[in-house]
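One structure below.
The values are calculated or read from the model by the stated rules, or taken from the named source; none is laboratory data. From a predicted model like this one, the values you see are computed outputs, not experimental measurements. Here the Cβ positions follow ideal geometry from the backbone for every residue, glycine too, while neighbour counts run over all protein chains shown.
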Amino acid sequence: MTAPFLGGILQLIIGGHPFVGPASAIAMFFIYINIQVNMNNQDSLTTLNNRKRCFQYLNETIEKTTPTNPFYLLIMDINNFKKINDTYGHIEGDNALRITADVIKTCVDNHYGFVGRFGGDEFIFIIEKKHLETPEDFINEVNQKLNSICKSLDLPYSLNASFGYIECISKNDDITKLIEKADNMLYENKAKLANS
């Protein structure tokens, strides 16, 4: 809105010159560009950051990482999500993903972190260690809030998640290996849950 405002002032001062029209066109152009950038970085179903933006943010964060300023990389997967799709259909599966996205967005905002949909029912979180005492605290917070929302919405299924995580302490850490380690822990935790 700055461009039309300045255009209006110039038109008042100089007079006889059409500054407001071109200034408004410039403002609309920047709004359009901003919308396009957001669409390119947003998952259309959950409105969370998409996989592309996850990698961009991870690269940006790792560049600032030091042993005194580490961060946690967490990966989350909804337990028994396929069963929700198979039992209640894909429309309800999409609804479950949106509900989950709303819950995890609130949780990650509490810790000044980043969240994105990594694919399917998998989500990725990047939270600086100074904003999170332990990953287990965050994991418990997410699962408690998921349990609470399922009860309040009277859903015919429950939503809970398994997590894997890794602490990153150096900008020299390899992103692919970090994701792989967090993913391995996630699947170990899912296997423990299946065997319990």
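A few remarks follow.
- Of all residues in the stretch 32-51, none that is more than 18 Å from D121 (Cα to Cα) and outside any loop (DSSP other than H, G, I, E, B) has its Cβ atom under 7 Å from the Cβ atom of a residue that is of a type in the set (D, E, K, R) and modelled with pLDDT of 50 or more, 6 or more apart or on another chain.
- Qualifying positions in the stretch 146-187 - more than 25 Å from T65 (Cβ to Cβ) and surrounded by fewer than 12 Cβ atoms within 10 Å (Cβ to Cβ): S148, K151, S152, L153, D154, P156
- Every test in (1) buried (at least 19 other Cβ atoms within 10 Å of the Cβ); (2) closer than 14 Å to N79 by Cβ; (3) without any contact (Cβ under 8 Å) to a residue 40 or more places away in the chain; (4) of a type outside the set (A, V, I, L, M, F, W, C) is passed by G113 save one, and that test is (2).
- All conditions in (1) within 23 Å of R51 (Cα to Cα); (2) free of Cβ contacts under 8 Å to residues at least 40 places away in the same chain hold for S148, with the sole exception of (1).
- Residue check, D77 modelled with pLDDT of 60 or more and in a strand (DSSP E or B): yes
- Contact annotation: residue pairs with Cβ atoms under 6 Å, 6 or more positions apart or on different chains, pairing a residue in the stretch 70-95 that is closer than 30 Å to E128 by Cα and assigned by TED's automatic domain parsing to the domain that holds E133 with a partner that is crowded, with 19+ Cβ neighbours inside 10 Å and aromatic (F, W, Y), are Y72/Y165; L74/F125; L74/F163; L74/Y165; M76/F123; M76/F163.
- Taken together, K129, K83 contain a single residue that is surrounded by fewer than 20 Cβ atoms within 10 Å (Cβ to Cβ) and farther than 24 Å from Q56 by Cβ, which is K83.
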